[in-house]
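Asker: Shown below is the structure under consideration.
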Amino acid sequence: MDAVAPLSPPSLEAFRAWTAPAGRQQARLDISGIAVEFEDLPADLAARMAAAYAPYLSGPSSAGRPLRVRMRRAPLAYFVPPGFAPGREVYRMHTALDGPVFRTVSYRLASWIDLTRREGVVALASGERDPASRALENFIRSCVAWLAIDSGGFFLHGASIIRSGRSCLFYGPSGAGKSTLAAMNDEGDVISDDLTLILRRPDGLMAAGGPFRGTYTQGPPVVGTFPVAGFYRLRKDERTFVRRDDGGCFADLLGNLPFVVDQLPLRPDLIDRVRGLVEGAPFHYLHFRKDERFWPAIDAAG
């Protein structure tokens with residue numbers, strides 16, 4: 001991946017100049033109580049959301065505090081020039097955190113959300129090289145990440161599989177084997193091979209079914225919450241086995257909190273918050289070979 005200098009997202013003052021509604025539609029996305037409500041959505045984006053997020057769309061609800069987002073049209077083609085060759089793109093999304101306000105900018109979309117006030121604005125540019133649906137999904141992912149942290153949970157860059165009513169979480173950096181492992185799975189239901197919402201509920205730590213399935217497309221989307229059986233830091237190997245955590249699994253977990261990890265130097269308190277959330281949860285390393293079943297090794301480790 002090419003190194004790119006961070007670009008500061010537009011200031012809140014800049015957003016005040018973008019007043020034209022992007023559309024007239026509304027939508028509410030709710031993932032086990034983590035909710036984002038949109039107003040002034042363009043019709044094509046509302047239709048794409050209805051198709052992509054159908055099990056997680058709902059009407060107005062008094063439960064919890066949803067994030068209310070207004071969609072605005074910005075009079076420019078791109079906020080960040082795409083500048084990538086076809087087939088060789090590395091997606092750029094620059095972020096900034098100022099107290100409770102999280103701001104982003106990518107090619108076609110700029111945004112801010114205020115976690116305290118539970119409101120935000122998305123500005124859409126008109127350039128066609130970055131599909132609006134992709135830009136909006138990345139914004140939604142960032143919202144889920146920060147709403148989860150603010151609501152007693154976190155968003156994990158990891159695969160998740162429901163087996164016997166409990167969830168196993170598999171994580172590691174890009175290339176660790178999350179998608180490979182999900183494709184190998186021969187028991188239970190895969191939530192995602194990419195991103196999983198983790199919530200602390202009165203009865204324990206839960207993984208929530210969600211729409212961010214990554215490259216995994218088999219079976220219907222999973223809805224609901226499932227007790228966490230354990231976290232597994234993935235390592236590709238010549239044989240398949242589980243070994244105990246040596247203290248490094250939690251550090252690697254922190255490195256797999258999208259949109260939040262870049263802000264940890266500014267918010268070191270979040271490290272202790274996440275540590276408290278996973279206290280008591282089993283952590284292991286899963287060494288695996290891609291042509292060998294991994295569940296027997298997990299079962300043998302107890």
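Asker: I'd like the full set of residues that are open to solvent by 10 Å² or more (accessible area, probe 1.4 Å) and either of a type in the set (Val, Ile, Thr) or not in a strand (DSSP E or B) (or both), limited to the stretch 122-141. Steps first, please.
Answerer: Taking the stretch 122-141 and keeping what is open to solvent by 10 Å² or more (accessible area, probe 1.4 Å), we get 124, 126, 128-129, 131-134, 137-138, 141.
Selection gives 126, 128, 129, 131, 132, 133, 134, 137, 138, 141.
Asker: Can you find a residue that is surrounded by fewer than 16 Cβ atoms within 10 Å (Cβ to Cβ), farther than 14 Å from residue 286 by Cα and modelled with pLDDT of 95 or more anywhere in the stretch 188-202?
Answerer: Residues of the stretch 188-202 that are surrounded by fewer than 16 Cβ atoms within 10 Å (Cβ to Cβ), as a first pass: 201-202.
Checking the rest, the ones that are also farther than 14 Å from residue 286 by Cα come to 201-202.
Now drop any that are not modelled with pLDDT of 95 or more, which leaves none.
For the stretch 188-202, residues surrounded by fewer than 16 Cβ atoms within 10 Å (Cβ to Cβ), farther than 14 Å from residue 286 by Cα and modelled with pLDDT of 95 or more: absent.
Asker: Is there a residue in the stretch 247-254 that is modelled with pLDDT under 95 and surrounded by fewer than 18 Cβ atoms within 10 Å (Cβ to Cβ)?
Answerer: Within the stretch 247-254, the first condition is being modelled with pLDDT under 95, and the residues that meet it are 247.
Then keep just the ones that are surrounded by fewer than 18 Cβ atoms within 10 Å (Cβ to Cβ); that gives 247.
Within the stretch 247-254, one or more residues are modelled with pLDDT under 95 and surrounded by fewer than 18 Cβ atoms within 10 Å (Cβ to Cβ).
Asker: Is at least one residue of the stretch 282-300 open to solvent by less than 40 Å² (accessible area, probe 1.4 Å), under 14 Å from residue 155 (Cα atoms) and in contact with a helix residue (DSSP H, G or I) (Cβ under 9 Å, 6 or more places away or on another chain)?
Answerer: Residues of the stretch 282-300 that are open to solvent by less than 40 Å² (accessible area, probe 1.4 Å), as a first pass: 283-288, 294-295, 297-298.
With under 14 Å from residue 155 (Cα atoms) added as a condition, the list becomes none.
No, there is no match, as no residue in the stretch 282-300 is open to solvent by less than 40 Å² (accessible area, probe 1.4 Å), under 14 Å from residue 155 (Cα atoms) and in contact with a helix residue (DSSP H, G or I) (Cβ under 9 Å, 6 or more places away or on another chain).
Asker: Given the conditions (1) under 14 Å from residue 139 (Cβ atoms); (2) at pLDDT 95 or above; (3) open to solvent by less than 50 Å² (accessible area, probe 1.4 Å), and given that residue 70 satisfies all but one, which numbered condition is not satisfied?
Answerer: Unmet for residue 70, out of (1) under 14 Å from residue 139 (Cβ atoms); (2) at pLDDT 95 or above; (3) open to solvent by less than 50 Å² (accessible area, probe 1.4 Å): (3).
Asker: Still on this structure, I have one more. If I ask for residues that are within 28 Å of residue 109 (Cβ to Cβ) and open to solvent by 40 Å² or more (accessible area, probe 1.4 Å), which ones from the stretch 158-180 would you list?
Answerer: If we filter the stretch 158-180 for residues that are within 28 Å of residue 109 (Cβ to Cβ), which is where we start, we get 158-160, 171, 173-175, 178-179.
Once the filter is applied, which keeps residues that are within 28 Å of residue 109 (Cβ to Cβ) and open to solvent by 40 Å² or more (accessible area, probe 1.4 Å), the stretch 158-180 yields 173, 174, 175, 179.
Asker: Quick check on my filter: what residues within the stretch 203-215 are without any contact (Cβ under 8 Å) to a residue 60 or more places away in the chain and either farther than 22 Å from residue 298 by Cα or surrounded by fewer than 18 Cβ atoms within 10 Å (Cβ to Cβ) (or both)?
Answerer: In the first step, residues of the stretch 203-215 are kept if they are without any contact (Cβ under 8 Å) to a residue 60 or more places away in the chain; the result is 203-204, 207, 213-215.
Scanning the stretch 203-215 gives 203, 204, 213, 214, 215.
Asker: Report, by residue number, each residue of the stretch 217-240 that is open to solvent by 30 Å² or more (accessible area, probe 1.4 Å), β-branched (Val, Ile, Thr) and in contact (Cβ under 8 Å) with a residue 60 or more places away in the chain.
Answerer: 223, 225
Asker: Residue check: is residue 267 closer than 28 Å to residue 29 by Cα, within 14 Å of the chain's Cα centre (by Cα), touching a residue at least 12 places away in the same chain (Cβ under 8 Å) and open to solvent by 20 Å² or more (accessible area, probe 1.4 Å)?
Answerer: Details: closer than 28 Å to residue 29 by Cα: yes; within 14 Å of the chain's Cα centre (by Cα): no; touching a residue at least 12 places away in the same chain (Cβ under 8 Å): yes; open to solvent by 20 Å² or more (accessible area, probe 1.4 Å): yes.
So residue 267 does not fit the description; no.
Asker: Could you check, for the stretch 15-24, whether at least one of its residues is of a type outside the set (Val, Ile, Thr), closer than 30 Å to residue 226 by Cβ and either open to solvent by less than 20 Å² (accessible area, probe 1.4 Å) or modelled with pLDDT of 95 or more (or both)?
Answerer: Pass one, the stretch 15-24, residues of a type outside the set (Val, Ile, Thr): 15-18, 20-24.
Next, only the ones that are closer than 30 Å to residue 226 by Cβ stay: none.
Checking the stretch 15-24: not a single residue is of a type outside the set (Val, Ile, Thr), closer than 30 Å to residue 226 by Cβ and either open to solvent by less than 20 Å² (accessible area, probe 1.4 Å) or modelled with pLDDT of 95 or more (or both).
The values are calculated or read from the model by the stated rules, or taken from the named source; none is laboratory data. All values reported here derive from a predicted model rather than from experimental measurement. Using ideal geometry, Cβ is built from the backbone for each residue, glycine included, and neighbour counts are taken over all protein chains shown. Note: areas computed on protein heavy atoms with side chains; ligands, DNA, RNA excluded. Shrake-Rupley method; radii C 1.70, N 1.55, O 1.52, S 1.80 Å.
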